[in-house]
Amino acid sequence: MPNIKSAKKRAALSKEKQLVNAAIKSSMRNKILAFRNAISSNAENKNELLVSAISSIDKAAKKNLIHKKNADRKKSRLEKSLKA
């Protein structure tokens, strides 16, 4: 446990940022899952879900929550699954 005032502030900020980052990654995963479910059920809104998933992947990559190449690979696989 930090004793110094600035260290306490830093720990609190770190905890807040951790929660925000976890929420962004969770949202990304949920959008990817929604798209995959739409593909398997042959839903009408597949293209809208793909755009939403790609957008969330780009946001996560921009904030360095996932690596840029990891984001590119995820997007490529989603687009490939739409065409298949």
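For the list (1) at pLDDT below 95; (2) part of a helix (DSSP H, G or I); (3) loosely packed, with under 11 Cβ neighbours inside 10 Å, I need the number of the one condition that Leu82 fails.
Among (1) at pLDDT below 95; (2) part of a helix (DSSP H, G or I); (3) loosely packed, with under 11 Cβ neighbours inside 10 Å, Leu82 violates only (3).
Look through Leu49, Leu33 and report the one residue that is in contact with a Phe, Trp or Tyr (Cβ under 6 Å, 6 or more places away or on another chain), in a helix (DSSP H, G or I), of a type outside the set (Val, Ile, Thr) and at pLDDT 95 or above.
Leu49
Please give the number of the condition Ala43 fails out of (1) in a helix (DSSP H, G or I); (2) among the small types (Gly, Ala, Ser); (3) over 10 Å from the mean Cα position of the chain (by Cα).
Only one criterion in (1) in a helix (DSSP H, G or I); (2) among the small types (Gly, Ala, Ser); (3) over 10 Å from the mean Cα position of the chain (by Cα) is unmet by Ala43, namely (1).
Working carefully through the options Ile66, Ile24, find the one that is under 9 Å from the mean Cα position of the chain (by Cα), in a helix (DSSP H, G or I), of a type in the set (A, V, I, L, M) and surrounded by 14 or more Cβ atoms within 10 Å (Cβ to Cβ).
Criteria check complete, one pass: Ile24.
Please pick out the residue among Ser52, Ser27 that is in contact with a Ser or Thr (Cβ under 8 Å, 6 or more places away or on another chain) and either farther than 21 Å from Ala84 by Cβ or of a type outside the set (Lys, Arg) (or both).
Ser27
The values are calculated or read from the model by the stated rules, or taken from the named source; none is laboratory data. Quantities reported herein were computed from a predicted structural model and do not represent experimental measurements. Quick reminder, even Gly has a Cβ in these numbers, built from the backbone with ideal geometry, and neighbours come from all protein chains shown.
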